[in-house]
Amino acid sequence: MSELHTNSKLIHLEKNFSKETGAVTPPIFLTSTFASGNEEGFDYTRSGNPNFRNLAQSVALLEGAKYASVFGSGVAAMTAVMSTAKSGMKIAAEQNLYGCTIRLFDQVFRNFGVHSCYLDFSRPEIFTALDEIRPDIVWLESPTNPCLKVIDLAAVGTYCQEKDIILVVDNTFASSAIQKPLEFGATLSLQSLTKYANGHCDALAGAVATNSKEWFERLEFAQKALGLQPSPMDCWLVSRGLKTYPLRIKAQSESALRLARALEEDTAFENVYYPLLESHPDYELALRQMKAGSGVVAVQLKGDQEETLEFLRNLNLFTVAESLGGFESLVCHPFSMTHASVPLELKLGAGITRNLVRFSVGLEDVDDLLADIKQSIPKSVRDRLCKARTTSRGCLKQPSKPSQNLLSDCL
Ligand SMILES: *Cc1c(COP(=O)(O)O)cnc(C)c1O
């Protein structure tokens, strides 16, 4: 048989460990311990379980990696990586990082003598700065949360390989169906499986993929030594989620692109952020390193914080919640939710303004999602836009036929 495609392999890769019953779906191995001397070498669930092994194999396949280790959450995966650091080590991290990553660096590992600094990896001067800092670890996310800045992974990967720096890429936002950081030179590709991989908002897990045997051994050691293992039940749920993962990512990316284009046309919004919009400053780079745009779209409403929160409350199909990547659409207000603890200046510098909204586009029909967004724009915003238009019509030449979009603003 010819070599199977990844989506076919994903369906058939799992071992179901059930010769006697013929069960098509692997069971959930809810056992803490295993009789010694068993064929597969299982010992105690903190250091391995058939459900962990199935999930790790699927993650390795998706990341194009030789090895993968699974953990109890994305944060547990980060803790596993960080537990290998030694006092005096330096981390140079992208300034737009997931909040809990910054908390882990600054409030936990700093106490053990590991210091981190935060830099803008999209600037060409970044390499001069890294030459000066001489970090042991570079840690970044691309696209970043929530404004979806894209970092040149190949450029950073090449630099880190030349200088023997450990490069960790948090691949949660792109997801491994869209971007494979190890191909660009990352040492480790980390992800929260809680998001796109599981996709059903009903389990937590994390993973780290690598091509280095030494790193794999260190991570497997951390799993059992620090007690960072996932639960067999959650692994089973994420493995189930992965069967539809390529389909979900494709559908969510298509809907997100359509939604982003429609929001760009709507005068109630400004600055639509989506990597595969031609207007995105990193569009060319995104095309080079991402197979699709993923399901997150961020946008600024032409209104103040009160109006933005009213807009969120008006939405029916988007639940106001943190997290992303599930089949149901979510929306959040990064300024007061995911990034509430970030100092104001840093927030504003990163584009996290009071009127910024982040959508996680799910699997509902995109026309329904768009209709929901349109009907949720607060009346005060529509009225203001309308007024501005009618006033300017007094002095400007009136368009002979208003576009549909202009009309809908005034309804
Ligand atoms: C959610 C998330 C994490 C943490 O994952 P958990 O599974 O919630 O612990 C890490 N990085 C990014 C980018 C995330 O979005």
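So if I check each of 278, 270, which one is out of contact with any helix residue (DSSP H, G or I) (no Cβ under 8 Å at 6 or more places or on another chain) and at pLDDT below 95?
Values: 278 fails: at pLDDT below 95.
The conditions single out 270.
If you go through the range 279-305 one residue at a time, how many are assigned to a loop (DSSP other than H, G, I, E, B) and of a type in the set (A, V, I, L, M, F, W, C)? So that I can check it myself, show each step before the final result.
Within the range 279-305, the first condition is being assigned to a loop (DSSP other than H, G, I, E, B), and the residues that meet it are 279-282, 290-295, 302-304.
This time we only want the ones that are of a type in the set (A, V, I, L, M, F, W, C), so: 290, 292.
Of the residues in that region, 2 qualify.
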Name the residues in the range 82-94 that are more than 16 Å from the ligand (Cβ to nearest atom) and either in contact with a helix residue (DSSP H, G or I) (Cβ under 8 Å, 6 or more places away or on another chain) or within 23 Å of residue 142 (Cα to Cα) (or both), would you?
84, 85, 87, 90, 92
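Do we find a residue being more than 16 Å from the ligand (Cβ to nearest atom), in contact with a helix residue (DSSP H, G or I) (Cβ under 9 Å, 6 or more places away or on another chain) and either of a type outside the set (A, V, I, L, M, F, W, C) or part of a helix (DSSP H, G or I) (or both) anywhere in the range 95-109?
Initial filter on the range 95-109 (more than 16 Å from the ligand (Cβ to nearest atom)): none.
Looking through the range 95-109, none of the residues is more than 16 Å from the ligand (Cβ to nearest atom), in contact with a helix residue (DSSP H, G or I) (Cβ under 9 Å, 6 or more places away or on another chain) and either of a type outside the set (A, V, I, L, M, F, W, C) or part of a helix (DSSP H, G or I) (or both).
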Of the residues in the range 229-278 that are in a helix (DSSP H, G or I) and aromatic (Phe, Trp, Tyr), the one that is surrounded by the most Cβ atoms within 10 Å (Cβ to Cβ) is 236
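State all residues of the range 187-212 that are assigned to a loop (DSSP other than H, G, I, E, B) and either within 13 Å of the ligand (Cβ to nearest atom) or open to solvent by less than 10 Å² (accessible area, probe 1.4 Å) (or both); if no residue qualifies, say none.
Taking the range 187-212 first, the residues assigned to a loop (DSSP other than H, G, I, E, B) are 187, 193-205, 211-212.
Once the filter is applied, which keeps residues that are assigned to a loop (DSSP other than H, G, I, E, B) and either within 13 Å of the ligand (Cβ to nearest atom) or open to solvent by less than 10 Å² (accessible area, probe 1.4 Å) (or both), the range 187-212 yields 193, 194, 195, 196, 197, 198, 199, 201, 202, 203, 204, 205.
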Could you grab the pairs with beta carbons closer than 6 Å, sequence gap of 6+ or different chains, first residue in the range 375-401 and within 30 Å of residue 313 (Cα to Cα), second one of a type in the set (A, V, I, L, M) and modelled with pLDDT of 90 or more?
376/315; 377/268; 381/268
If residue 358 passes every condition in (1) at pLDDT below 95; (2) within 17 Å of residue 144 (Cβ to Cβ); (3) among the charged types (D, E, K, R) but one, which one does it miss?
(1)
Kindly provide the set of residues from the range 1-52 that are within 22 Å of residue 176 (Cβ to Cβ) and either open to solvent by 50 Å² or more (accessible area, probe 1.4 Å) or acidic (Asp, Glu) (or both), ordered by number.
3, 4, 5, 6, 7, 9, 11, 12, 13, 14, 15
Out of all the residues in the range 279-289, which are open to solvent by 10 Å² or more (accessible area, probe 1.4 Å) and among the hydrophobic types (A, V, I, L, M, F, W, C)?
285, 287
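The values are calculated or read from the model by the stated rules, or taken from the named source; none is laboratory data. These numbers come from a predicted model, not from an experiment. Counting neighbours? That spans all protein chains shown, and the Cβs are built from the backbone with ideal geometry, glycine included. Surface areas here come from the heavy atoms of the whole protein model, side chains and all, with no ligands, DNA or RNA. Shrake-Rupley method; radii C 1.70, N 1.55, O 1.52, S 1.80 Å.
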